[in-house]
Ligand code: NDP
(Lines give C-alpha, C1' and ligand atoms only; values in the text may rest on other atoms or scores of the structure.)
Protein backbone atom coordinates (compact mmCIF):
# COMPACT_ATOMS: atom_id res chain seq x y z
CA UNK A 1 0.00 0.00 0.00
CA UNK A 2 1.04 3.60 -0.50
CA UNK A 3 0.44 6.75 1.52
CA UNK A 4 -1.75 9.22 -0.38
CA UNK A 5 -2.04 12.85 0.67
CA UNK A 6 -4.65 15.39 -0.33
CA UNK A 7 -5.34 19.06 0.36
CA UNK A 8 -8.87 19.22 1.77
CA UNK A 9 -11.25 21.80 3.22
CA UNK A 10 -14.26 21.28 5.46
CA UNK A 11 -15.81 24.75 5.37
CA UNK A 12 -15.73 27.73 3.04
CA UNK A 13 -13.46 30.71 3.70
CA UNK A 14 -10.05 32.08 2.84
CA UNK A 15 -8.08 29.17 1.34
CA UNK A 16 -4.93 29.66 3.44
CA UNK A 17 -7.04 29.36 6.61
CA UNK A 18 -9.26 26.52 5.43
CA UNK A 19 -6.98 23.99 3.80
CA UNK A 20 -5.55 20.98 5.65
CA UNK A 21 -3.57 17.95 4.58
CA UNK A 22 -5.23 14.54 4.92
CA UNK A 23 -3.24 11.33 4.52
CA UNK A 24 -4.58 7.80 4.05
CA UNK A 25 -3.51 4.50 2.53
CA UNK A 26 -4.32 3.11 -0.90
CA UNK A 27 -3.82 -0.62 -1.30
CA UNK A 28 -2.55 -1.15 -4.84
CA UNK A 29 -3.49 -4.83 -4.74
CA UNK A 30 -7.14 -4.34 -3.92
CA UNK A 31 -8.47 -2.52 -6.97
CA UNK A 32 -11.87 -3.16 -8.51
CA UNK A 33 -11.71 -4.19 -12.14
CA UNK A 34 -12.22 -0.66 -13.58
CA UNK A 35 -10.19 1.21 -10.98
CA UNK A 36 -6.83 2.85 -11.46
CA UNK A 37 -4.43 4.49 -9.03
CA UNK A 38 -2.79 7.63 -10.30
CA UNK A 39 0.12 9.64 -8.97
CA UNK A 40 0.14 13.40 -9.43
CA UNK A 41 2.85 14.91 -11.62
CA UNK A 42 1.73 18.55 -11.47
CA UNK A 43 -1.26 20.66 -10.43
CA UNK A 44 -1.76 24.42 -10.88
CA UNK A 45 -3.48 26.97 -8.64
CA UNK A 46 -6.21 28.61 -10.73
CA UNK A 47 -8.45 31.53 -9.69
CA UNK A 48 -11.48 29.18 -9.78
CA UNK A 49 -9.82 26.79 -7.28
CA UNK A 50 -9.55 29.71 -4.86
CA UNK A 51 -13.15 30.79 -5.50
CA UNK A 52 -14.35 27.22 -4.84
CA UNK A 53 -12.75 27.15 -1.38
CA UNK A 54 -14.20 30.61 -0.72
CA UNK A 55 -17.59 29.09 -1.52
CA UNK A 56 -18.35 31.69 -4.21
CA UNK A 57 -17.92 29.53 -7.32
CA UNK A 58 -21.11 28.02 -8.75
CA UNK A 59 -19.55 24.64 -9.58
CA UNK A 60 -18.24 22.99 -6.42
CA UNK A 61 -17.54 19.46 -5.22
CA UNK A 62 -19.78 18.38 -2.34
CA UNK A 63 -18.35 18.52 1.15
CA UNK A 64 -18.80 14.90 2.17
CA UNK A 65 -17.46 12.37 4.66
CA UNK A 66 -17.09 9.96 1.71
CA UNK A 67 -14.71 12.18 -0.29
CA UNK A 68 -11.71 10.17 0.98
CA UNK A 69 -11.09 7.27 3.40
CA UNK A 70 -10.69 7.99 7.13
CA UNK A 71 -11.91 11.59 7.10
CA UNK A 72 -12.72 13.01 10.52
CA UNK A 73 -15.17 15.60 9.11
CA UNK A 74 -17.07 16.03 5.84
CA UNK A 75 -14.54 17.51 3.40
CA UNK A 76 -13.75 18.22 -0.25
CA UNK A 77 -10.45 17.81 -2.03
CA UNK A 78 -9.29 21.08 -3.65
CA UNK A 79 -8.15 21.56 -7.21
CA UNK A 80 -9.67 21.02 -10.63
CA UNK A 81 -6.76 20.64 -12.98
CA UNK A 82 -3.68 18.48 -12.98
CA UNK A 83 -1.58 15.86 -14.68
CA UNK A 84 -1.37 12.33 -13.32
CA UNK A 85 0.59 9.17 -14.10
CA UNK A 86 -1.05 5.75 -13.86
CA UNK A 87 0.70 3.55 -11.29
CA UNK A 88 -1.76 0.65 -10.86
CA UNK A 89 -4.72 -0.69 -12.86
CA UNK A 90 -7.61 -3.05 -12.18
CA UNK A 91 -8.07 -6.27 -14.15
CA UNK A 92 -10.51 -4.85 -16.72
CA UNK A 93 -9.05 -1.39 -17.42
CA UNK A 94 -9.04 -0.91 -21.18
CA UNK A 95 -7.90 2.61 -22.06
CA UNK A 96 -5.07 3.25 -19.64
CA UNK A 97 -1.88 1.38 -18.86
CA UNK A 98 0.85 1.79 -16.26
CA UNK A 99 2.88 5.02 -16.75
CA UNK A 100 0.27 6.58 -19.06
CA UNK A 101 -0.35 10.29 -18.50
CA UNK A 102 -3.91 11.41 -17.87
CA UNK A 103 -5.99 14.37 -16.74
CA UNK A 104 -9.47 14.45 -15.18
CA UNK A 105 -12.39 14.18 -17.59
CA UNK A 106 -14.45 16.52 -15.43
CA UNK A 107 -14.05 19.45 -13.06
CA UNK A 108 -14.24 19.00 -9.28
CA UNK A 109 -11.89 16.00 -9.44
CA UNK A 110 -9.82 17.17 -6.45
CA UNK A 111 -6.41 17.44 -8.08
CA UNK A 112 -4.44 18.91 -5.17
CA UNK A 113 -3.18 15.53 -4.03
CA UNK A 114 -0.26 13.14 -4.37
CA UNK A 115 -2.23 10.06 -5.40
CA UNK A 116 -5.81 9.15 -6.13
CA UNK A 117 -7.95 6.04 -6.50
CA UNK A 118 -10.11 6.59 -9.54
CA UNK A 119 -12.23 4.91 -12.14
CA UNK A 120 -10.78 4.69 -15.62
CA UNK A 121 -13.78 6.56 -17.03
CA UNK A 122 -12.96 9.62 -14.87
CA UNK A 123 -9.70 10.19 -16.77
CA UNK A 124 -8.57 11.18 -20.26
CA UNK A 125 -5.26 9.91 -21.59
CA UNK A 126 -2.87 12.72 -22.52
CA UNK A 127 -0.03 12.69 -24.98
CA UNK A 128 3.34 12.29 -23.28
CA UNK A 129 5.19 14.53 -25.71
CA UNK A 130 3.70 17.65 -24.10
CA UNK A 131 5.67 19.25 -21.30
CA UNK A 132 4.45 18.41 -17.80
CA UNK A 133 3.40 22.03 -17.24
CA UNK A 134 1.51 22.23 -20.53
CA UNK A 135 -0.27 18.92 -19.96
CA UNK A 136 -1.19 19.87 -16.38
CA UNK A 137 -2.76 23.15 -17.47
CA UNK A 138 -4.30 22.20 -20.81
CA UNK A 139 -7.92 21.94 -19.74
CA UNK A 140 -8.65 25.46 -18.46
CA UNK A 141 -6.63 28.38 -19.81
CA UNK A 142 -5.56 27.43 -23.36
CA UNK A 143 -8.85 25.56 -23.79
CA UNK A 144 -10.79 28.70 -22.84
CA UNK A 145 -8.78 30.79 -25.29
CA UNK A 146 -9.42 28.21 -28.02
CA UNK A 147 -13.18 28.07 -27.42
CA UNK A 148 -13.59 31.85 -27.18
CA UNK A 149 -11.80 32.35 -30.51
CA UNK A 150 -13.65 29.48 -32.20
CA UNK A 151 -17.21 29.02 -30.96
CA UNK A 152 -18.71 32.53 -30.99
CA UNK A 153 -17.64 34.61 -33.99
CA UNK A 154 -16.26 33.42 -37.29
CA UNK A 155 -12.86 35.08 -37.35
CA UNK A 156 -11.13 35.01 -40.72
CA UNK A 157 -7.50 35.86 -41.50
CA UNK A 158 -6.96 39.65 -41.16
CA UNK A 159 -9.95 40.00 -38.81
CA UNK A 160 -9.44 41.68 -35.44
CA UNK A 161 -10.27 40.87 -31.84
CA UNK A 162 -9.56 42.90 -28.72
CA UNK A 163 -8.87 41.64 -25.21
CA UNK A 164 -7.93 42.89 -21.76
CA UNK A 165 -5.93 40.93 -19.18
CA UNK A 166 -3.84 40.11 -22.23
CA UNK A 167 -0.87 39.04 -20.13
CA UNK A 168 -2.92 36.37 -18.34
CA UNK A 169 -2.42 32.74 -19.30
CA UNK A 170 -5.72 32.83 -21.18
CA UNK A 171 -4.75 36.08 -22.92
CA UNK A 172 -1.34 34.83 -23.98
CA UNK A 173 -2.83 31.63 -25.38
CA UNK A 174 -5.41 33.72 -27.28
CA UNK A 175 -2.59 35.81 -28.81
CA UNK A 176 -0.77 32.69 -30.00
CA UNK A 177 -3.86 30.93 -31.39
CA UNK A 178 -5.00 34.08 -33.21
CA UNK A 179 -1.54 34.65 -34.67
CA UNK A 180 -1.48 31.09 -36.07
CA UNK A 181 -4.77 31.81 -37.87
CA UNK A 182 -3.66 35.18 -39.21
CA UNK A 183 -6.09 36.98 -36.89
CA UNK A 184 -5.03 40.37 -35.50
CA UNK A 185 -5.19 41.15 -31.79
CA UNK A 186 -5.37 44.39 -29.81
CA UNK A 187 -4.12 43.54 -26.34
CA UNK A 188 -4.87 45.69 -23.31
CA UNK A 189 -2.56 45.41 -20.29
CA UNK A 190 -2.15 47.29 -17.03
CA UNK A 191 0.46 50.03 -17.21
CA UNK A 192 3.67 49.49 -15.23
CA UNK A 193 7.22 50.81 -14.95
CA UNK A 194 8.62 48.22 -17.33
CA UNK A 195 5.72 48.37 -19.80
CA UNK A 196 8.11 48.23 -22.78
CA UNK A 197 9.44 44.89 -21.58
CA UNK A 198 5.92 43.46 -21.35
CA UNK A 199 5.02 44.85 -24.76
CA UNK A 200 8.12 43.30 -26.28
CA UNK A 201 7.25 40.00 -24.66
CA UNK A 202 3.68 40.02 -26.02
CA UNK A 203 4.85 41.09 -29.49
CA UNK A 204 7.33 38.22 -29.43
CA UNK A 205 4.50 35.68 -28.99
CA UNK A 206 2.45 37.22 -31.81
CA UNK A 207 0.47 40.21 -30.50
CA UNK A 208 -0.47 42.64 -33.29
CA UNK A 209 -0.89 45.67 -30.98
CA UNK A 210 -0.39 46.10 -27.24
CA UNK A 211 -1.98 49.09 -25.47
CA UNK A 212 -2.35 50.17 -21.85
CA UNK A 213 -5.58 50.48 -19.89
CA UNK A 214 -5.28 54.28 -20.20
CA UNK A 215 -5.09 54.05 -24.00
CA UNK A 216 -7.97 51.57 -24.02
CA UNK A 217 -10.13 54.00 -22.08
CA UNK A 218 -9.09 57.13 -24.03
CA UNK A 219 -11.40 58.66 -26.68
CA UNK A 220 -8.39 60.38 -28.29
CA UNK A 221 -6.54 57.12 -28.73
CA UNK A 222 -9.48 55.51 -30.54
CA UNK A 223 -8.51 57.47 -33.67
CA UNK A 224 -5.13 55.78 -33.62
CA UNK A 225 -6.84 52.39 -33.30
CA UNK A 226 -9.13 53.15 -36.23
CA UNK A 227 -6.08 53.79 -38.37
CA UNK A 228 -4.81 50.26 -37.63
CA UNK A 229 -8.03 48.56 -38.70
CA UNK A 230 -7.98 49.63 -42.33
CA UNK A 231 -11.76 49.87 -42.48
CA UNK A 232 -12.36 46.56 -40.73
CA UNK A 233 -14.63 46.24 -37.70
CA UNK A 234 -13.59 44.42 -34.53
CA UNK A 235 -15.80 41.33 -34.24
CA UNK A 236 -14.88 39.98 -30.82
CA UNK A 237 -13.83 41.26 -27.40
CA UNK A 238 -12.54 39.06 -24.56
CA UNK A 239 -12.93 40.55 -21.11
CA UNK A 240 -11.51 39.15 -17.86
CA UNK A 241 -11.23 42.50 -16.03
CA UNK A 242 -14.58 44.35 -15.97
CA UNK A 243 -15.09 48.03 -15.03
CA UNK A 244 -13.84 50.78 -17.35
CA UNK A 245 -11.48 48.33 -19.02
CA UNK A 246 -14.45 46.26 -20.24
CA UNK A 247 -16.30 49.39 -21.37
CA UNK A 248 -13.20 50.34 -23.37
CA UNK A 249 -13.38 47.01 -25.19
CA UNK A 250 -17.12 47.42 -25.83
CA UNK A 251 -16.55 50.83 -27.42
CA UNK A 252 -14.14 49.25 -29.91
CA UNK A 253 -16.53 46.55 -31.16
CA UNK A 254 -18.08 46.86 -34.59
CA UNK A 255 -21.71 46.31 -35.55
CA UNK A 256 -23.17 43.11 -34.09
CA UNK A 257 -19.82 42.44 -32.39
CA UNK A 258 -19.58 40.10 -29.40
CA UNK A 259 -18.08 40.76 -25.98
CA UNK A 260 -17.35 37.58 -24.02
CA UNK A 261 -16.79 38.15 -20.32
CA UNK A 262 -14.90 35.26 -18.75
CA UNK A 263 -13.45 36.80 -15.60
CA UNK A 264 -13.68 39.81 -13.32
CA UNK A 265 -10.15 40.47 -12.08
CA UNK A 266 -10.92 44.11 -11.10
CA UNK A 267 -14.09 42.98 -9.21
CA UNK A 268 -15.96 45.79 -10.99
CA UNK A 269 -19.16 45.20 -12.99
CA UNK A 270 -19.35 45.36 -16.77
CA UNK A 271 -21.04 48.58 -17.88
CA UNK A 272 -22.43 48.70 -21.41
CA UNK A 273 -23.16 52.14 -22.89
CA UNK A 274 -26.87 52.02 -23.79
CA UNK A 275 -26.47 53.66 -27.20
CA UNK A 276 -23.88 51.13 -28.31
CA UNK A 277 -26.04 48.24 -27.14
CA UNK A 278 -29.01 49.50 -29.15
CA UNK A 279 -27.50 51.00 -32.25
CA UNK A 280 -24.65 48.53 -32.71
CA UNK A 281 -26.75 45.50 -31.76
CA UNK A 282 -23.92 44.16 -29.59
CA UNK A 283 -23.89 40.65 -28.14
CA UNK A 284 -22.81 40.86 -24.52
CA UNK A 285 -22.31 37.33 -23.26
CA UNK A 286 -20.65 35.34 -20.54
CA UNK A 287 -18.16 32.59 -21.21
CA UNK A 288 -17.70 29.67 -18.84
CA UNK A 289 -15.72 26.66 -19.98
CA UNK A 290 -17.27 24.51 -17.25
CA UNK A 291 -20.76 25.48 -18.44
CA UNK A 292 -19.77 24.53 -21.98
CA UNK A 293 -18.97 20.97 -20.85
CA UNK A 294 -22.73 20.51 -20.40
CA UNK A 295 -24.15 22.87 -23.03
CA UNK A 296 -21.79 21.89 -25.89
CA UNK A 297 -21.51 18.10 -25.82
CA UNK A 298 -17.96 16.76 -26.32
CA UNK A 299 -16.54 20.28 -26.07
CA UNK A 300 -14.10 19.23 -23.32
CA UNK A 301 -12.53 16.34 -25.21
CA UNK A 302 -12.69 18.03 -28.62
CA UNK A 303 -11.03 21.13 -27.22
CA UNK A 304 -8.29 19.18 -25.45
CA UNK A 305 -7.55 17.33 -28.69
CA UNK A 306 -7.36 20.59 -30.63
CA UNK A 307 -5.21 22.30 -27.99
CA UNK A 308 -2.90 19.25 -27.91
CA UNK A 309 -2.37 19.71 -31.66
CA UNK A 310 -1.67 23.43 -31.15
CA UNK A 311 0.97 22.58 -28.53
CA UNK A 312 2.53 19.85 -30.66
CA UNK A 313 2.76 22.13 -33.67
CA UNK A 314 4.46 24.83 -31.61
CA UNK A 315 1.59 27.36 -31.84
CA UNK A 316 1.14 27.31 -28.06
CA UNK A 317 4.43 27.54 -26.25
CA UNK A 318 5.19 26.90 -22.60
CA UNK A 319 4.02 29.76 -20.37
CA UNK A 320 5.75 31.14 -17.32
CA UNK A 321 5.12 29.18 -14.14
CA UNK A 322 6.33 29.58 -10.58
CA UNK A 323 7.12 25.98 -9.81
CA UNK A 324 7.37 24.27 -6.43
CA UNK A 325 8.97 20.82 -6.66
CA UNK A 326 8.16 18.27 -3.98
CA UNK A 327 9.82 14.90 -3.48
CA UNK A 328 7.19 12.20 -2.96
CA UNK A 329 9.71 9.84 -1.31
CA UNK A 330 10.30 12.08 1.67
CA UNK A 331 7.16 14.26 1.63
CA UNK A 332 5.35 14.95 4.93
CA UNK A 333 1.81 16.24 5.51
CA UNK A 334 3.23 19.53 6.75
CA UNK A 335 5.42 20.00 3.68
CA UNK A 336 2.52 19.41 1.30
CA UNK A 337 0.30 21.84 3.19
CA UNK A 338 3.05 24.46 3.36
CA UNK A 339 3.69 24.18 -0.38
CA UNK A 340 0.03 24.89 -1.19
CA UNK A 341 -0.23 27.72 1.37
CA UNK A 342 2.85 29.40 -0.12
CA UNK A 343 1.56 28.92 -3.66
CA UNK A 344 -1.79 30.43 -2.67
CA UNK A 345 -0.03 33.42 -1.06
CA UNK A 346 2.01 33.93 -4.26
CA UNK A 347 -0.87 33.33 -6.65
CA UNK A 348 -1.27 37.04 -7.44
CA UNK A 349 2.30 37.19 -8.75
CA UNK A 350 2.20 34.65 -11.55
CA UNK A 351 0.82 31.19 -12.20
CA UNK A 352 1.74 28.71 -9.48
CA UNK A 353 2.22 25.02 -10.15
CA UNK A 354 3.07 22.26 -7.67
CA UNK A 355 5.13 19.41 -9.14
CA UNK A 356 5.95 15.96 -7.79
P1 NDP B 1 -3.37 34.57 -14.58
O2 NDP B 1 -3.05 34.34 -13.15
O3 NDP B 1 -2.50 33.97 -15.63
O4 NDP B 1 -3.42 36.13 -14.87
C5 NDP B 1 -4.19 37.03 -14.17
C6 NDP B 1 -4.27 38.29 -14.98
O7 NDP B 1 -5.16 39.18 -14.37
C8 NDP B 1 -2.94 38.99 -15.14
O9 NDP B 1 -2.76 39.29 -16.49
C10 NDP B 1 -3.12 40.25 -14.31
O11 NDP B 1 -2.55 41.36 -14.90
C12 NDP B 1 -4.60 40.46 -14.34
N13 NDP B 1 -5.09 41.15 -13.15
C14 NDP B 1 -4.92 40.79 -11.86
N15 NDP B 1 -5.54 41.67 -11.05
C16 NDP B 1 -6.11 42.60 -11.84
C17 NDP B 1 -6.87 43.79 -11.60
N18 NDP B 1 -7.19 44.17 -10.36
N19 NDP B 1 -7.27 44.52 -12.67
C20 NDP B 1 -6.95 44.13 -13.92
N21 NDP B 1 -6.23 43.02 -14.20
C22 NDP B 1 -5.82 42.28 -13.18
O23 NDP B 1 -4.89 34.16 -14.76
P24 NDP B 1 -5.60 33.09 -15.66
O25 NDP B 1 -5.21 33.23 -17.08
O26 NDP B 1 -5.51 31.79 -15.00
O27 NDP B 1 -7.10 33.63 -15.50
C28 NDP B 1 -7.46 34.92 -15.97
C29 NDP B 1 -8.93 35.13 -15.70
O30 NDP B 1 -9.65 34.21 -16.48
C31 NDP B 1 -9.39 34.90 -14.28
O32 NDP B 1 -10.37 35.86 -13.98
C33 NDP B 1 -10.01 33.51 -14.34
O34 NDP B 1 -10.98 33.32 -13.35
C35 NDP B 1 -10.61 33.57 -15.70
N36 NDP B 1 -10.88 32.29 -16.34
C37 NDP B 1 -12.18 32.03 -16.64
C38 NDP B 1 -12.54 30.90 -17.30
C39 NDP B 1 -13.95 30.67 -17.64
O40 NDP B 1 -14.31 29.60 -18.11
N41 NDP B 1 -14.80 31.66 -17.44
C42 NDP B 1 -11.55 29.89 -17.65
C43 NDP B 1 -10.19 30.28 -17.35
C44 NDP B 1 -9.88 31.43 -16.69
P45 NDP B 1 -0.98 41.67 -14.92
O46 NDP B 1 -0.45 40.92 -16.10
O47 NDP B 1 -0.95 43.13 -15.12
O48 NDP B 1 -0.43 41.22 -13.62
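The values are calculated or read from the model by the stated rules, or taken from the named source; none is laboratory data. On a predicted model such as this, the values are computed, not experimentally measured, just so you know. Glycine also receives a Cβ, built like all others from the backbone with ideal geometry; neighbour counts cover every protein chain displayed.
Listed by first and then second residue, the pairs linking a residue in the stretch 32-60 that is outside the structural domain of residue 324 (by TED's automatic domain parsing) to a residue that is buried (at least 21 other Cβ atoms within 10 Å of the Cβ) and not in a strand (DSSP E or B), with Cβ atoms under 6 Å apart and 6 or more places separating them unless they lie on different chains, form an empty list. Of the helices (runs of 4 or more DSSP H) that lie entirely inside the stretch 189-254, those containing 3 or more residues that are within 16 Å of the ligand (Cβ to nearest atom) and more than 23 Å from residue 176 (Cα to Cα) span 243-252. When residues of the stretch 91-126 are filtered for being assigned to a loop (DSSP other than H, G, I, E, B) and buried (at least 16 other Cβ atoms within 10 Å of the Cβ), how many remain? Final tally of qualifying residues: 11. Residue count for the stretch 261-284 satisfying the condition of being within 16 Å of the ligand (Cβ to nearest atom), surrounded by 13 or more Cβ atoms within 10 Å (Cβ to Cβ) and within 29 Å of residue 106 (Cβ to Cβ): 7. Restricting the first member to the stretch 287-299 and to residues that are farther than 14 Å from residue 58 by Cα and touching a residue at least 24 places away in the same chain (Cβ under 8 Å), and the second to residues that are part of a helix (DSSP H, G or I) and within 11 Å of the ligand (Cβ to nearest atom), the beta-carbon pairs closer than 6 Å and six or more apart or on different chains are 299/292. With respect to residue 336, determine if the residue is away from the ligand (no atom under 16 Å from the Cβ), in the same structural domain as residue 128 (by TED's automatic domain parsing), farther than 22 Å from residue 167 by Cβ and crowded, with 17+ Cβ neighbours inside 10 Å. Yes. Here the condition is being modelled with pLDDT of 95 or more and in the same structural domain as residue 259 (by TED's automatic domain parsing); of 85, 97, 154, it holds for 154 alone. Of 306, 325, all but one fail to be surrounded by 14 or more Cβ atoms within 10 Å (Cβ to Cβ) and either in the same structural domain as residue 106 (by TED's automatic domain parsing) or at negative phi (or both); the exception is 306.
Taken over the stretch 50-73, the criterion of being part of a loop (DSSP other than H, G, I, E, B) and surrounded by 14 or more Cβ atoms within 10 Å (Cβ to Cβ) is satisfied by 57, 59, 60, 61, 63, 67, 68, 71. Could you grab me the full set of residues in the stretch 285-308 that are within 12 Å of the ligand (Cβ to nearest atom) and in contact with a helix residue (DSSP H, G or I) (Cβ under 6 Å, 6 or more places away or on another chain)? Scanning the stretch 285-308 gives 287, 289, 292, 293, 299, 300, 303.
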